[in-house]
Amino acid sequence: MQAFARHWQRIAITLIPLLLALMHALGVVNIGIVSRLDDIIYDARLLATMPRTLDDRIVIVDIDEKSLAEVGRWPWGRNKMAKLFDNLFDQHQIALIGIDVVFAEPDESSGLKQLQALAVDELKHQPGFSERVTELQTTLDYDALFAKSLEGRPIVLGYYFTGDRGGRKSGVLPASVMDSKALMGRQINASHWTGFGSNIDALAKAAPKAGFFNVLSNLNDGMVRTLPMLAEYEKQYYESLALGMFRMMAGDPVVKPGFPQERMVPRSYVGLDSLQLERDGRVLSVPVTEGVATLIPFRGPGGPQGGSYTYVSAADVLSGVVPTGQLKGKIVLLGTTAPGLLDLRVTPVGEAYPGVETHANVLSGMLDGKILIKPDYGLGYEVLVLVVSGLLLAFTLPRLSAPRAVMLSALVVLSVVGLNFSLYWSSGLVLPLASALLTAIAAFALNMSYGYFVESRSKRELARLFGTYVPPELVDEMVKDPERYSMAAANKELTVLFCDMRGFTKMSEKMEPLQLQQLLNDVFSRLTNVIRSNRGTIDKYMGDCVMAFWGAPVGLPNHAELAIKSALRMVEVIKAVNETHLAKGLPEIGIGIGINTGMMCVGDMGSQERQAYTVIGDAVNLGSRLEGLSKTYGVEIVVSASTRKQVSDYAWQELDKVRVKGKQEAVSIYSPWGLTVQTSPEQQAELKTWAQFIKAYRAQDWEQCDVLLLNIQRLHDGKYLYHLYQERLGSLRREVLEPQWDGATNFETK
């Protein structure tokens, strides 16, 4: 008790991760990182234990790129499909085929429908035409030909369910395999659907056995790890393609629900432990997990080169290239690996995994009786492991020295991981691990960190580090949560501004050094106040240039807009300074501003002797180049397209498309005119005419350019930008432009 009283604070803080983990396990809160880590652990074990061997019982007839090139684009005519199936059953004598495609629309590619229409309309009086159409019907009714090929053969058609609000339905559903009455009033969490896309009536009658080929994507990362075995539609339960094929091979046993033992799970549990397949007094149990799905027992990387299954091109089967006997007695799945047919899935073993192979894996696992199991008692196991390991660490770590605490924590982690992995390898049990693992690590980290970091010390350090860079109000905001901010370098999307004052060289010739210093400090102070009032971070002063950025250390979603707002205000400040200069008889100063938004590396950088919180990267360099271009185009502010894209409330004039030194890609540049709502009708008309000019300029429509430029210069003759383009037009008329000319201006100097 004395030990508890002495260490109660450390014990309490160590219990926090345990309580959070228990709340996550019991479903009170959802901690995404725990679920994501469990997925990562599962994937790692799966990759480490895949057999990577060939299952020669199953063959995939592949509608691959070769097939599309030789036979034609998909869907193929049903006459070709009939020939494909006749070859598979008659020539190659396969045992069974499952189809991972759907035939949802009638095949009218033969032209029979058009001939029949002519026979009863335009050509009904043509002697013998109607009789000839009737004779051709048996050979041109491709759906009937295909249906005849399917009839009486061991075939499982494929279809899919949909969950759209409209509940669209097409084709014919097969008979359900289980009624909701079989659940005896209990609820299960099978995937529920409101619509379906199935096969046309003629094919469904010829081959009444069918299974859906939907997969389930993980909500955390979109990966496909499970395959539903049953799906619920209008209180009826339908089987998957893999289950349908397995049941056909087993003589079509009856499907019954396998409920978990109630003493093993909480009363709130809604799920099945297994599917019970009963026939002639024998029962075969197929384990299922949440969603009445099965974990896909991947055999290998997937695809024709994966080595798990033999892939045969459908074109080779049609052309007779496949040797007779190679497919005899094989279980066949017809599917596609052609990227254009969109049946590639993101799975733990591959980002472009053939969907047809997921069904092959489940079928193979059922044949071998090797289906991974997420047992219904997994919750009880997780809670037990959490409580035992969490309490052990919470009440023991505070009394141990640092080395012994490390040893105990490592022992607990190794024990939890070892138990979990041994149950996986020996019995195929997939049990939660991430919560216990993170709890042990967090308990150790919190216990060791407690008392070492004092909040006030962190705040003072933060204020010392950032006080000279960012406005005081931002420092006040940062010290409320100092752990979020550091000098460590990181890549972030920021907006950088370069501002250069022009005319100081000429002014320095007429002023004393101290007078010039005082003037420069006054201007910098005014510009700095503008930047800080708009939450900007001062990077550095370079001679008569100031550099600033927005979005760090405090994140700002509107960093681009704040930079534009600052730039426009800085232009107004310089105008006010010039009014004072004119009154004193001093020369005016100019301003050039370049702004760019992009990914930048921000952090504390420099030497051991001197460091500074700054930004670097290509986006920063581009901002500097844009500042230099302001003089070229006779404007105060030059902004990149990436910044302009994020600031929609302002009126913009496009200046040019430029290719600056060191960059191959051309960049559109703009100059802001202020808020759109504050621009006058005359300004809006000017911008509209200029936009038309730029479009004509890039289209090399020089006559249209002349007309538009003449109109705009007539009203705004004093603008340097318009004179610049007038000179360009005169030069471009005399040049022979390259066919790939994109209207961009190249700048070879900084």
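Taken together, the values in this text are just the output of simple stated rules run on the coordinates, not laboratory data. Note that the coordinates shown come from a computational prediction; the quantities given were computed from them, not determined experimentally. Virtual Cβ from ideal backbone geometry, glycine too; neighbours counted across all protein chains shown.
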- Item | Calculated Cα Rg over 2.2 N^0.38 Å (choose from (i) 2.09; (ii) 1.03; (iii) 1.35), label | (iii)
- Task: Rounded to the nearest 0.05, what FRET efficiency do MET511 and SER170 give with R0 = 60 Å and r taken as the Cβ-Cβ distance? Could you check?
- Result: 0.10
- Note on the structure: For the chain, the longest principal axis of the Cα atoms and the Cα long axis of helix 129-140 enclose an angle in degrees, to the nearest 10, of 90
- Exposure proxy check: ASP701, ASP100 ranked by fewest other beta carbons within 10 Å? ASP701, ASP100
- Query: Once a ≥ b ≥ c are taken as the square roots of the eigenvalues of the Cα gyration tensor of the range 630-750, is the result rounded (a/c under 1.5), prolate (a/b larger than b/c) or oblate (a/b not larger than b/c)?
  - Reply: oblate
- Taking only Cα atoms, what is the 0 to 90° angle, nearest 10, from helix 434-449's long axis to the longest principal axis of the chain? 30
- Task: Jot down the per residue volume, in cubic angstrom and as a whole number, of the convex hull over the alpha-carbon atoms of the range 680-745.
- Result: 85
- Message: Could you tell me the calculated FRET efficiency between TYR720 and MET599, based on Cβ-Cβ distance and R0 = 30 angstrom, to the nearest 0.05?
- Response: 0.35
- Note on the structure: Ordered by fewest other Cβ atoms within 10 Å, a rough proxy for footprinting exposure, SER319, SER170 read SER319, SER170
- Note on the structure: Simple SL model, points at 7 angstrom along Cα→Cβ for GLU234 and CYS545; separation in nm is 7.3
- Note on the structure: Once normalised by the length of the range 314-399, the mean sequence separation of its alpha carbon contacts under 8 Å that are 6 or more apart gives a contact order in percent of 14
- Note on the structure: Rounded to the nearest 0.05, FRET efficiency between GLN704 and HIS192 (Cβ-Cβ, R0 56 Å) equals 0.40
- Compactness ratio of the range 303-440: Cα Rg over 2.2 N^0.38 Å, N = residue count? 1.65
- Only helices counted: for the chain, with every DSSP H run of 4 or more residues adding -39500 (n - 2.57) and the sum spread over all residues, [θ] at 222 nm is -13500 deg cm²/dmol
- Over the chain, relative contact order from alpha-carbon pairs under 8 Å, at least 6 apart, %: 12
- Note on the structure: Distance in Å, no decimals, from the C-alpha centre of the range 523-560 to the one of the range 387-454 is 46
- Got a sec? How would LEU295, LEU391 order by Cβ neighbour count within 10 Å, fewest to most? LEU391, LEU295
- Message: On a full-extension model of 0.36 nm per residue, what is the gain between ASN558 and VAL387, subtracting their alpha-carbon distance, rounded to one decimal in nm?
- Response: 57.0 nm
- Task: Go from 0 up to the bin containing the longest alpha carbon distance in the range 487-674, width 5 Å each, and give me the % of pairs per bin.
- Result: 1, 8, 17, 20, 19, 16, 10, 6, 2, 0
- For helix 455-466, report the angle its Cα long axis makes with the longest principal axis of the Cα atoms of the chain; keep it between 0 and 90° and round to the nearest 10°. 60
